[in-house]
1. So which residues in the range 17-41 are exposed (fewer than 11 other Cβ atoms within 10 Å of the Cβ) and either charged (D, E, K, R) or under 18 Å from Leu84 (Cα atoms) (or both)?
2. From the list Ala14, Ala73, pick out the single residue that is at pLDDT 95 or above and open to solvent by 20 Å² or more (accessible area, probe 1.4 Å).
3. Kindly provide the set of residues from the range 30-76 that are among the hydroxyl-bearing types (Ser, Thr, Tyr), farther than 19 Å from Trp112 by Cα and touching a residue at least 24 places away in the same chain (Cβ under 8 Å), ordered by number.
4. For the range 96-122, which positions are aliphatic (A, V, I, L, M) and either open to solvent by 80 Å² or more (accessible area, probe 1.4 Å) or farther than 12 Å from Tyr30 by Cβ (or both)?
5. As an exercise: evaluate Phe66 against (1) more than 13 Å from Ile49 (Cα to Cα); (2) open to solvent by less than 60 Å² (accessible area, probe 1.4 Å); (3) of a type in the set (A, V, I, L, M, F, W, C) and give the number of the one condition it does not meet.
6. Within the range 25-34, is even one residue assigned to a loop (DSSP other than H, G, I, E, B), over 15 Å from the mean Cα position of the chain (by Cα), over 19 Å from Asn75 (Cα atoms) and not basic (Lys, Arg)?
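The values are calculated or read from the model by the stated rules, or taken from the named source; none is laboratory data. It should be emphasised that the depicted structure is a prediction, and the values quoted were computed from it without experimental measurement. Positions of Cβ are backbone-derived with ideal geometry, glycine not excepted, and every protein chain shown enters the neighbour counts. Ligands, DNA and RNA are stripped out before the accessible areas are found, and what is left, the full protein with its side chains, is counted by its heavy atoms. Shrake-Rupley method; radii C 1.70, N 1.55, O 1.52, S 1.80 Å.
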Amino acid sequence: QVQLVESGGGLVQAGGSLRLSCAASGGTFYTMGWFRQAPGKERELVSCISWGGGSIYYADSVKGRFTISRANAKNTVYLQLNNLKPEDTAVYSCAVGSRSILHYTIQDYDYWGQGTQVTVSS
């Protein structure tokens, strides 16, 4: 049974920071990533990272502000969110996939977490 448990969301003022964690169990995964979906908008890939951390993707909207990392010994992926903006408000979901290339499309991900709410006030 694969389970993804996310934590770290919350309410923060613009310019603040949060650190999201996603602990996976039941398997190991080449790509671990984070998506977000705001009300009325489609789900978008925020960032993803390969097994060894050598391949990383960031959406243009978060480059320079967010940092993804993973700790394979704990089967956990993190997303550090700095300099948060109101437009970052969304439900952030962890997703994982086993394809041996970096996953950058929704269809490539096999399992999804329930999501954690990030709300940024202005």
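1. Listed by number, the residues that qualify are Pro39, Lys41.
2. Ala14
3. Correct list: Ser55, Ser61.
4. Passing the criteria: Ile101, Ile106, Val118, Val120.
5. Unmet condition: (1).
6. no
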